[in-house]
Amino acid sequence: MKKRIVIREISRICFVVYMTFLVYFLLLSDGLGRLEGYQYYRYNLVPFQEIMRFIEYRNYMNFEVVIINLLGNIIAFMPYGALIRWVVNQKIHWYQATFYTFVFSLSVEFLQLVAKVGVFDVDDLILNTVGGLFGFWIYYILTIVNRRNEKKNER
């Protein structure tokens, strides 16, 4: 039982650090052009439009840009899906983790739109939510494997 309390506290600390870095990179990072901002609101409300554009023109674009825009959005939110179980409640289900990830991603996208430091992109919402779901399932599978190993060690 004490081990779980320690893991929960470490997970909460990791979550705070992760959220700090994520918010910095999504809203404030000069490397991603966030400090310059835009003169007008920029948004994409057509699902899969940007995803298909990056896939279709991947041979003509800088490979790094394609990876950051497609895989980066998924990978960036995987820790959120994994850690949210410890921060909110240990027994949340996959659909709750998906909902929490979606709401957080929607908040970030909305802040980018209002602050004119990014583009409100429905495709980012989709990719971020998928990333959170992947993170949840990876964590869930690792937890099952760990519990089986602990039971074997107790015998």
Worksheet entry | Centroid-to-centroid separation of region 100-127 and region 37-75 [C-alpha atoms, Å] | 13 Å
Worksheet, complete the sentence: Summed over the other residues with a beta carbon less than 13 angstrom from that of Ser11, with K and R at +1 and D and E at -1, the charge totals +4
Practice prompt. Taking the chain as the reference, fit the longest principal axis to its C-alpha atoms, fit the long axis of helix 63-88 to the helix C-alpha atoms, and give the angle between the two in degrees, 0 to 90, nearest 10.
Written response: 40 degrees
Discussion item. At 1.4 Å probe size, with the rest of the protein present, what percent of the exposed accessible area of the chain is carbon and sulfur atoms?
Written reply: 66 percent
Worksheet entry | Sum of side-chain charges, Arg53 neighbourhood, beta-carbon under 15 Å (Lys, Arg +1; Asp, Glu -1) | -3
Response to the item:
Restricting to Cα pairs under 8 Å and 6 or more apart, the percent relative contact order of region 59-152 works out to 40 percent
Response to the item:
Per the 1/(1 + (r/R0)^6) rule, R0 = 35 Å and r from the Cβ atoms of Leu22 and Lys152, FRET efficiency to 0.05 is 0.45
Item to complete: Could you work out which residue, out of Val23, Val108, Val130, moves most in a Gaussian network model of the chain, that is, has the largest mean-square fluctuation with Cα springs under 10 Å?
Response: Val23
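Tyr100: net charge of surrounding residues, Cβ under 14 Å, Lys/Arg +1, Asp/Glu -1, itself excluded? Mind dumping the intermediate values first?
Working: positive: Arg85, Lys91; negative: none.
Net of charged neighbours comes to +2.
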Item to complete: Could you tell me which label, among (i) 1.20; (ii) 1.34; (iii) 1.13, carries the value of Cα Rg over 2.2 N^0.38 Å calculated for this structure?
Response: (i)
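Quick check for the chain: number of Lys pairs with alpha-carbon distance under 26 Å, counting only pairs 8 or more apart or on different chains? All intermediate terms of the calculation are to be shown ahead of the outcome.
On the way: Lys2/Lys91; Lys2/Lys151; Lys2/Lys152; Lys3/Lys91; Lys3/Lys151; Lys3/Lys152; Lys91/Lys151; Lys91/Lys152.
Count of close lysine pairs: 8.
When the helix-only estimate is applied to the chain (DSSP H runs of n ≥ 4, each -39,500 (n - 2.57), divided by the residue count), what is the mean residue ellipticity at 222 nm, nearest 500 deg cm²/dmol? Present the calculation step by step, with values, prior to reporting the outcome.
Working: 5 runs with 111 residues, N = 155.
Using -39500 (n - 2.57) per qualifying helix, the result is -25000 deg cm²/dmol.
In Å², what does the accessible area per residue of the chain work out to with a 1.4 Å probe? Working shown, then result.
Details: 10510 Å² over 155 residues.
Per residue, the chain has an accessible area of 68 Å².
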Worksheet, complete the sentence: Placing each pseudo-label 7 Å from Cα in the direction of the beta carbon, Leu142 and Trp94 end up separated by a distance in nanometres of 1.8 nm
Fill in: GNM top mover of Tyr80, Tyr38, Tyr18 - the chain, alpha-carbon springs below 10 Å
Tyr38
Worksheet entry | Stretchable slack from Ile5 to Arg58, in nm (0.36 nm times residue separation minus alpha-carbon distance) | 14.5 nm
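The values are calculated or read from the model by the stated rules, or taken from the named source; none is laboratory data. This structure is a prediction, so every number in the text was calculated from the model and none was measured. Neighbour counts run over all protein chains shown; Cβ positions are idealised from the backbone, glycine included. Quick note on the areas: whole protein, heavy atoms, side chains included, nothing else; ligands and nucleic acids left out. Shrake-Rupley method; radii C 1.70, N 1.55, O 1.52, S 1.80 Å.
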